[in-house]
1. Could you grab the pairs with beta carbons closer than 6 Å, sequence gap of 6+ or different chains, first residue in region 116-145 and in contact (Cβ under 8 Å) with a residue 24 or more places away in the chain and within 24 Å of Gln17 (Cα to Cα), second one in a strand (DSSP E or B) and polar (S, T, N, Q)?
2. Given the conditions (1) farther than 20 Å from Pro10 by Cβ; (2) part of a loop (DSSP other than H, G, I, E, B); (3) touching a residue at least 24 places away in the same chain (Cβ under 8 Å), and given that Gly77 satisfies all but one, which numbered condition is not satisfied?
3. Does Val85 qualify as being crowded, with 17+ Cβ neighbours inside 10 Å, closer than 28 Å to Gly143 by Cα and either at pLDDT 90 or above or of a type in the set (Gly, Ala, Ser) (or both)?
4. Looking at Thr61, is it more than 16 Å from Thr125 (Cβ to Cβ) and either outside the structural domain of Pro138 (by TED's automatic domain parsing) or in contact with an Asp or Glu (Cβ under 7 Å, 6 or more places away or on another chain) (or both)?
5. Considering each residue of region 377-426, count those that are within 16 Å of the chain's Cα centre (by Cα) and touching a residue at least 24 places away in the same chain (Cβ under 8 Å), and give that number.
6. Residues that are acidic (Asp, Glu), more than 16 Å from Ser75 (Cα to Cα) and without any contact (Cβ under 8 Å) to a residue 40 or more places away in the chain: does region 157-172 have at least one?
7. If I filter region 193-212 for residues that are touching a strand residue (DSSP E or B) at 6+ places or on another chain (Cβ under 9 Å) and of a type in the set (A, V, I, L, M, F, W, C), do I get at least one hit?
8. Among Val334, Val325, Val382, which is the only one that is among the β-branched types (Val, Ile, Thr) and either over 23 Å from Thr163 (Cβ atoms) or modelled with pLDDT under 85 (or both)?
Amino acid sequence: MTCSFLGPDPVEVQVRQVLDRLAAGDPPSAIERRQVDVKEEVARRDRAGIIGPPRPQSEATARYLAEEMSCMANSDGGGAIIVGVADDGTRVGTAIESEWLRHRIYELTSGTLTVDVREASLDGTRLLVLVTHEAIEPIRVGGQVRWRVDDHCVEVDPTSWHTAKLARRGADWSAGPSGHTVADADPVALGIARRYLEAGGDTRAAELAQASNEDLLRRLNVVTGDGKLTNAGSLLFVATPTGGIDYIRRDAPGTDSTNRIRTSRPLIEQINQVEQAALAADRVVHLSEGFAHGQARAIPERALRESIVNGVVHRDWLSPLPTTVEHIGDTLTVTSPGGFIGGIDPSNIITHPAVPRYRSLAETVATLRLAEREGIGVDRMVADMLALGRPRPEISEMAGPYVRVALLGGEPDQSTTKVLGMLTPGQAAGDVDLLLMLSHLEGAGWIDTDTAAPLLQRPPAETAGALDRLVGVKVAGAPARFSPRWKATACCAPAGRRGWAAGSTTSPPALRTDEQPVRQQGDVW
């Protein structure tokens, strides 16, 4: 069973865009959308790659499309498949009867999925367009529930599916009442909460830390009107249903663990224990010069804390699996049950508006000064890693689904910290947009609007503004002979586009019109 969509249907809009691009001759690989796939009719080619004659009915095609359309229906917003075009753009076409296919898919899904199957013509080539809206209940094929992760379908357990569905409907499980009362709150957990508040550094947090236990919990908004703790309050101050965090420390890959933390104590106590253990194992590294002159951590402390806290706050708490924190050498990997929600994915996670799975839990943790109130802390993690010349965090969604965040710490890049220490205005070293562009320039030597847009995860207009800010970045105190400059240039941008290139020169910045990269001896980048 699926539900309809009011107003302009985003799936239909994407279908029309893809059909228009196909008509223009673009291959499917260049134009497929998150909710629209393009496929040729399955089982029509033989092993030699020869396309067989068209058939009005094909059981293999029906079974394949039943699986794929069920996957679309189980995913956020539903989706569509256009049948009859090969991966390379060849217009193979299809002769499958639309009504027969619609009914066969209905049968193969035990009467739970009815898709819209209609014909389309691409310069005389007959195609089929299959469309489904988002399912109200999970649809199974062969006993499995599958949904889309990135551009492919993976199996998901029904509990995770229902959790994601509730989140999309705006239901907040963490705000619901638990079976615990204020009296069940653990004194140790309350003490840890007070210490976090006192360390917050502002008057309101310090005053909240002095409140009585009951007043503290009520002001944290984790108590219902009848004195019950909310689910967020129960997790944080009583216990987690199973181990909330599984922390494993190894000095090197493949070696025995030197520390292991996994308990069912209150979540705030688990966070505190894991944070302290991870910081104790996070070695101190030395900086010879630059904006962070002196000492730093192999994994920046703020990035380390944000990754751990976000790994438990935004995970699926209806899953019995823990959030796994693997701390191996200078690398910290946090793997959380539950995939991305609310349209967030790795390509927009820096700039997408915050969509917490459990708003009440997220707000409580933010009030306790454990994490960012404004978002999910990804921009903070990115900025702190890049500021030490380390790779930006690797964030991905895995089958299960899980969200995986990897911080690849290690020795800071001394040339990066040196240059950042010389930049003016001083806030340039903490500007995540500028840090992303400078990191790109280090490897590529040039950047333009088209290149910067996906890098900054912003639309072109905002990207152009970020590039203008890059122009205003100056270097203070550098030797005149090797003064790094950012120069408007047409030298390195493909197809003659104008961009920004990093180079060293003894002359003032100037517009370059030659076709040679601006890379000279003495370049910092």
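The values are calculated or read from the model by the stated rules, or taken from the named source; none is laboratory data. What you see is a predicted model; the values in this text were computed from it and never measured. Glycine gets a Cβ as well: all are built from the backbone with ideal geometry, and neighbour counts include every protein chain shown.
1. Sorted first by the residue in region 116-145, then by its partner, the pairs are Thr132/Thr2; His133/Thr2; Ala135/Thr2.
2. That leaves (1) as the condition not met.
3. no
4. yes
5. 22
6. Within region 157-172, none of the residues are acidic (Asp, Glu), more than 16 Å from Ser75 (Cα to Cα) and without any contact (Cβ under 8 Å) to a residue 40 or more places away in the chain.
7. Checked against the condition, which is being touching a strand residue (DSSP E or B) at 6+ places or on another chain (Cβ under 9 Å) and of a type in the set (A, V, I, L, M, F, W, C), region 193-212 yields no hits at all.
8. Among Val334, Val325, Val382, only Val382 is among the β-branched types (Val, Ile, Thr) and either over 23 Å from Thr163 (Cβ atoms) or modelled with pLDDT under 85 (or both).
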